[in-house]
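*Asks:* Can you read through this structure? Questions will come right after.
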Amino acid sequence: MKKRGFFILIFSLITVFAFAQQRGAKISFEKDIHDFGKIKEDEGMVAYEFIFTNTGNEPLVITNVRATCGCTTPTWTQKPVMPGEKGFVKAAFDPRNRPGNFNKSIIITTNTINKSQVILRIMGEVLPREKTIEDYYPKTIGALRLQSNHLPFTRVYNNQVKIDTLKIYNASDQILKLSFQNVPEYLKLKVSPDELRPKEKGFIIGEYDGRKVNDWGFIVDRVSMLINGENISGNSITISAKVEEDFSHLTVKEKENAPKIEFEEKNFNFGKVPFSQKQVEKEFVFKNTGKRDLIIRKIRTTCGCTTTNLEKKVLKPGESSSFNAVFKFGSRKGMQRKTIYVISNDPSNPEERLTISVEIVD
């Protein structure tokens, strides 16, 4: 009899303990995934409310709702949800510029018993809108629309002539005739057709002659375009190319006997420097460890605030040279990092990248 009473007591204690442990809020969603199906990109945002019930025995509070994508905007029940009552988490999705399938998550944090996060998901397929002339030709110069106002030739070798095109469109009701000013001698530009009829598409055809460029590395030119002889505001087109030496013709033997550039150090950190110092200066020393003359084609910096002074441009095998990199602070403060590119006739390393760093403090 005593043993039976003992077991009843133990059972009662366990029950009370378990009941005490289970007190708290509990969130239960009707569903945790919603498929919008096919939606149109040009019909604006879509939204869905996920409904939940507090199946616990204390007030439920949603402390945070976070979407994994900026295209999804969540809202939710802000006030405490009493036991047995319902609330919502609303997920709104913006399909603009997001054609194709999507699958996004919403992460919910609450004051539930186990404090675990709940993850909801929305999915579907965005049907792309029909593109307009403005989409295909977003840039404008007067009545002319352009695919871009930048014609990049990317890499051009010093023994190469490269041709590229830029799409254009006459959005006016009159014939447009285009011409160009400030065109460098290594660049030719023409329009096809010569005269652009109303609502007609055409091309600006560019021809970049690397053999005529007296420069190396990344080169940017800005060319002015006249429309029917008129110089319209904002009528410049940017032409860019990275001019490199062509080493593809070299034999294995020629590469073995080529010049080779080696720096004592490529990266230097000045650490913390007071603003009152106004500038820092670093000497970069390099050597020709190859078997032919090393020629320094160009030293290019990432901003005009960094200047260099080259000691010697042509180095015999075994010779060394150096240059000073000077960074003037101007009004700059905080962590600064500047890059210097050294272009040479070393076929294995035609563009060497160096950096200087400094933290400018008061």
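*Asks:* The conditions are (1) out of contact with any Pro (no Cβ under 6 Å at 6 or more places or on another chain); (2) free of Cβ contacts under 8 Å to residues at least 40 places away in the same chain, and Y341 fails exactly one of them. Which is it?
*Replies:* (2)
*Asks:* Working carefully through the options Q181, Q160, Q174, find the one that is in contact (Cβ under 8 Å) with a residue 24 or more places away in the chain, touching a helix residue (DSSP H, G or I) at 6+ places or on another chain (Cβ under 8 Å) and not charged (D, E, K, R).
*Replies:* Q160
*Asks:* Moving to a separate point now. Check off (1) at pLDDT below 95; (2) in a strand (DSSP E or B) for K131 and give me the number that stays unchecked.
*Replies:* Answer for K131: the failing condition is (2).
*Asks:* Still on this model: So how many residues does region 328-350 have that are in a strand (DSSP E or B), under 27 Å from the mean Cα position of the chain (by Cα) and over 22 Å from W216 (Cα atoms)? Spell out the reasoning first.
*Replies:* Of the residues in region 328-350, the ones in a strand (DSSP E or B) are 328, 334-344.
Filter once more, so that each one left must be under 27 Å from the mean Cα position of the chain (by Cα): 334-343.
Keeping just the survivors that are over 22 Å from W216 (Cα atoms) gives 334-337.
Within region 328-350, residues that are in a strand (DSSP E or B), under 27 Å from the mean Cα position of the chain (by Cα) and over 22 Å from W216 (Cα atoms) number 4.
*Asks:* Now a separate question. Kindly list, by first and then second residue, each pair from a residue in region 237-256 that is in contact (Cβ under 8 Å) with a residue 60 or more places away in the chain to a residue that is assigned to a helix (DSSP H, G or I), limited to pairs with Cβ atoms under 8 Å and residues at least 6 apart or on different chains.
*Replies:* Pairs that qualify, where the first residue is in contact (Cβ under 8 Å) with a residue 60 or more places away in the chain and the partner is assigned to a helix (DSSP H, G or I), are A241/G210; V243/G210; F247/K255.
*Asks:* Applying the selection to region 52-75, what residues are assigned to a strand (DSSP E or B) and closer than 23 Å to P95 by Cα?
*Replies:* Within region 52-75, V65, R66, A67, T72, T73, P74, T75 qualify.
*Asks:* Let me ask you something else. Does I239 fit the bill of being over 24 Å from I340 (Cβ atoms) and β-branched (V, I, T)?
*Replies:* yes
*Asks:* Would you say G70 is modelled with pLDDT under 90, within 30 Å of L127 (Cα to Cα), loosely packed, with under 10 Cβ neighbours inside 10 Å and not basic (K, R)?
*Replies:* Considered against the rule, which asks whether it is modelled with pLDDT under 90, within 30 Å of L127 (Cα to Cα), loosely packed, with under 10 Cβ neighbours inside 10 Å and not basic (K, R), G70 comes out as yes.
*Asks:* If you don't mind, another one. Which residue, of D215, D293, is among the charged types (D, E, K, R) and in the same structural domain as N182 (by TED's automatic domain parsing)?
*Replies:* D215
*Asks:* For V191, are the conditions met, namely being part of a strand (DSSP E or B) and under 30 Å from K104 (Cα atoms)?
*Replies:* no
*Asks:* Collect the residues in region 153-207 that are within 23 Å of I219 (Cα to Cα) and among the basic types (K, R), keeping them in residue-number order.
*Replies:* Once the filter is applied, which keeps residues that are within 23 Å of I219 (Cα to Cα) and among the basic types (K, R), region 153-207 yields R155, K162, K167, K188, K190.
*Asks:* So, one more: Report whether or not V126 is in contact with a Phe, Trp or Tyr (Cβ under 7 Å, 6 or more places away or on another chain), β-branched (V, I, T) and either modelled with pLDDT under 95 or within 30 Å of F29 (Cβ to Cβ) (or both).
*Replies:* Yes: the conditions hold for V126.
The values are calculated or read from the model by the stated rules, or taken from the named source; none is laboratory data. Computed from a predicted model, the values in this text were never measured in an experiment. Cβ coordinates were reconstructed from backbone atoms using ideal geometry, including for glycine residues, and neighbour counts include every protein chain displayed.
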